[in-house]
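The next block holds one structure in the form of structure tokens; read it before the comments.
The values are calculated or read from the model by the stated rules, or taken from the named source; none is laboratory data. Not measured: the values here are computed from a predicted model. For neighbour counting, all protein chains shown are included, and Cβ atoms are generated from backbone atoms with ideal geometry for every residue, glycine included.
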Amino acid sequence: MNAHKQSLVLIALSGVLLTSAWATFAADARIGTGKDFKFPDYYPASNGVRRLKTLVTGSEAQFVTNDNSVIVLKNPRLESYAPDGKVEWTATSPECTVNIRTKEVRGDTNLIFQTADEHFQQTGVGFLWQQTNSVLVIFDQSHTRIDKEALADNSRLKQ
């Protein structure tokens, strides 16, 4: 084989290898596992300040769709914040999926929901949380605990 043909074969071969390597890299970059996932949502800015409204976190995240819109989270934590920055409530679960596009969090495992003051707690199996309007639905085996003393104390304060 002459030198010109060898060069063309090497160029073609390196192009195939480069394309193959790029496809492998692109697939790894799009679908993979990461640590310390965070998905915040903010109140509308006032005076140039953006305040955290909700935060979804997870110890481990794995993309399950090619467009990176659906993520499986391990040990997710949902947090809702008041406009003054104080935590209003939290919810935890062993695993869930997050749809970044629809801003929905779904799980079919146990969920523990509780207010920041711990006076109200609800547990259940299976849930849907819509981040855009902060609606949380617990599907099955729901149990609620209300701190009656705290409830009684609050009712006396309002009189």
Of all the strands (runs of 3 or more DSSP E) wholly in the stretch 93-140, which have at least 1 residues that are among the aromatic types (Phe, Trp, Tyr) and surrounded by 14 or more Cβ atoms within 10 Å (Cβ to Cβ)?
104-115, 120-130
If you check Thr90 against the conditions, is it in a strand (DSSP E or B) and under 18 Å from the mean Cα position of the chain (by Cα)?
yes
Here is a list: Gly107, Gly124. Which entry is closer than 22 Å to Pro40 by Cα and not β-branched (Val, Ile, Thr)?
Gly107
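Residues checked against (1) among the hydrophobic types (A, V, I, L, M, F, W, C); (2) surrounded by fewer than 10 Cβ atoms within 10 Å (Cβ to Cβ); (3) modelled with pLDDT under 90:
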{"residue": "Leu10", "(1), (2), (3)": "yes, no, yes"}
{"residue": "Gly15", "(1), (2), (3)": "no, no, yes"}
{"residue": "Leu18", "(1), (2), (3)": "yes, no, yes"}
{"residue": "Thr24", "(1), (2), (3)": "no, no, yes"}
{"residue": "Ile31", "(1), (2), (3)": "yes, no, yes"}
{"residue": "Val49", "(1), (2), (3)": "yes, yes, yes"}
{"residue": "Thr57", "(1), (2), (3)": "no, no, no"}
{"residue": "Glu60", "(1), (2), (3)": "no, no, no"}
Against the condition closer than 24 Å to Arg51 by Cβ, of a type in the set (D, E, K, R) and touching a Leu at 6+ places or on another chain (Cβ under 7 Å), how does Glu104 come out, does it pass?
yes
I'd like the full set of residues that are farther than 18 Å from Glu79 by Cβ and not hydrophobic (A, V, I, L, M, F, W, C), limited to the stretch 125-147.
Gly126, Asp140, Gln141, Ser142, His143, Thr144, Arg145, Asp147
Regarding the stretch 53-64, can at least one residue be identified that is over 17 Å from Arg106 (Cβ atoms) and either free of Cβ contacts under 8 Å to residues at least 24 places away in the same chain or part of a loop (DSSP other than H, G, I, E, B) (or both)?
no
If Pro83 satisfies all but one of (1) touching a residue at least 40 places away in the same chain (Cβ under 8 Å); (2) surrounded by 14 or more Cβ atoms within 10 Å (Cβ to Cβ); (3) assigned to a loop (DSSP other than H, G, I, E, B), what's the number of the condition it fails?
(2)
